[in-house]
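See structure below.
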Amino acid sequence: MKERDKSWNEASVTVDDIWLQRRIELWGEGFSFFDLMRLKKPLDRTEANYPAAAAFNLPAESQIFLWLIPEDEINQNKGLNKEDNNPIATIPKP
């Protein structure tokens, strides 16, 4: 880049601008899931290049983002019960 964009200044930067640049720089590195969880952002795959079965829109804090505790962990840890596990989310429909 020979010249910087003079219209771009610190006052015009938003959190969403920073998040977009982070997604661009770290694409394919596996950070986006944790960013979605931490920032409570929705996952929108409707306008992307996904197959029809995977093109869906998930709201922020959807239960499908919560991982289940492995059954072996629950069985071996006396401090855990099956009720302590996250609920099984329903698969979204495109």
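The values are calculated or read from the model by the stated rules, or taken from the named source; none is laboratory data. Keep in mind that this is a model prediction, so the values were computed, not measured. Positions of Cβ are generated from backbone atoms using ideal geometry, with glycine treated the same way; all protein chains shown enter the neighbour counts.
Could you tell me whether Ala89 is in contact with a Pro (Cβ under 6 Å, 6 or more places away or on another chain) and not polar (S, T, N, Q)? Let's see the steps before the verdict.
Working: in contact with a Pro (Cβ under 6 Å, 6 or more places away or on another chain): no; not polar (S, T, N, Q): yes.
When the stated conditions are applied, Ala89 does not pass them.
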Here are some conditions: (1) within 10 Å of the chain's Cα centre (by Cα); (2) assigned by the TED database to the domain that holds Trp8. Leu26 meets all but one. Which one does it not meet?
(1)
Is there any pair with a first residue in the stretch 80-94 that is touching a residue at least 12 places away in the same chain (Cβ under 8 Å) and assigned by the TED database to the domain that holds Ile64 and a second that is surrounded by 10 or more Cβ atoms within 10 Å (Cβ to Cβ) and among the β-branched types (Val, Ile, Thr) whose Cβ atoms are under 6 Å apart and which are 6 or more apart or on different chains, and what are they?
Asn85/Ile69; Ala89/Ile64
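I'm trying to understand the selection: among the residues of the stretch 45-94, which are charged (D, E, K, R) and within 20 Å of Phe34 (Cα to Cα)?
Our first condition is that a residue be charged (D, E, K, R); within the stretch 45-94, this holds for 45, 47, 61, 71-73, 78, 82-84, 93.
Matches in the stretch 45-94: Arg45, Glu61.
I need the full set of residues from the stretch 1-54 which are within 26 Å of Leu66 (Cα to Cα) and either in contact with a Ser or Thr (Cβ under 6 Å, 6 or more places away or on another chain) or basic (Lys, Arg) (or both), in order please. So that I can check it myself, show each step before the final result.
Filtering the stretch 1-54 down to residues within 26 Å of Leu66 (Cα to Cα) leaves 15-16, 18-54.
Selection gives Arg22, Arg23, Arg38, Lys40, Lys41, Arg45.
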Which condition number does Glu83 fail, the rest of (1) surrounded by 10 or more Cβ atoms within 10 Å (Cβ to Cβ); (2) part of a helix (DSSP H, G or I); (3) of a type in the set (Asp, Glu) being met?
(1)
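Test Ala89 against the stated conditions and say whether it is part of a helix (DSSP H, G or I) and modelled with pLDDT under 85. Write out each step before concluding.
Details: part of a helix (DSSP H, G or I): no; modelled with pLDDT under 85: yes.
Criteria not met by Ala89.
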Residues in the stretch 24-38: is at least one surrounded by 10 or more Cβ atoms within 10 Å (Cβ to Cβ), in contact (Cβ under 8 Å) with a residue 24 or more places away in the chain, touching a helix residue (DSSP H, G or I) at 6+ places or on another chain (Cβ under 9 Å) and aliphatic (A, V, I, L, M)?
yes
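For the stretch 21-54, how many residues are part of a helix (DSSP H, G or I) and within 28 Å of Lys93 (Cβ to Cβ)?
Taking the stretch 21-54 and keeping what is part of a helix (DSSP H, G or I), we get 21-25, 32-39, 52-54.
In the following step, the residues that additionally are within 28 Å of Lys93 (Cβ to Cβ) were identified as 23, 32-39, 52-54.
Number satisfying all stated conditions: 12.
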Restricting the stretch 55-69 to residues that are in contact with a Lys or Arg (Cβ under 9 Å, 6 or more places away or on another chain) and not in a loop (DSSP other than H, G, I, E, B), the one surrounded by the most Cβ atoms within 10 Å (Cβ to Cβ) turns out to be Leu58
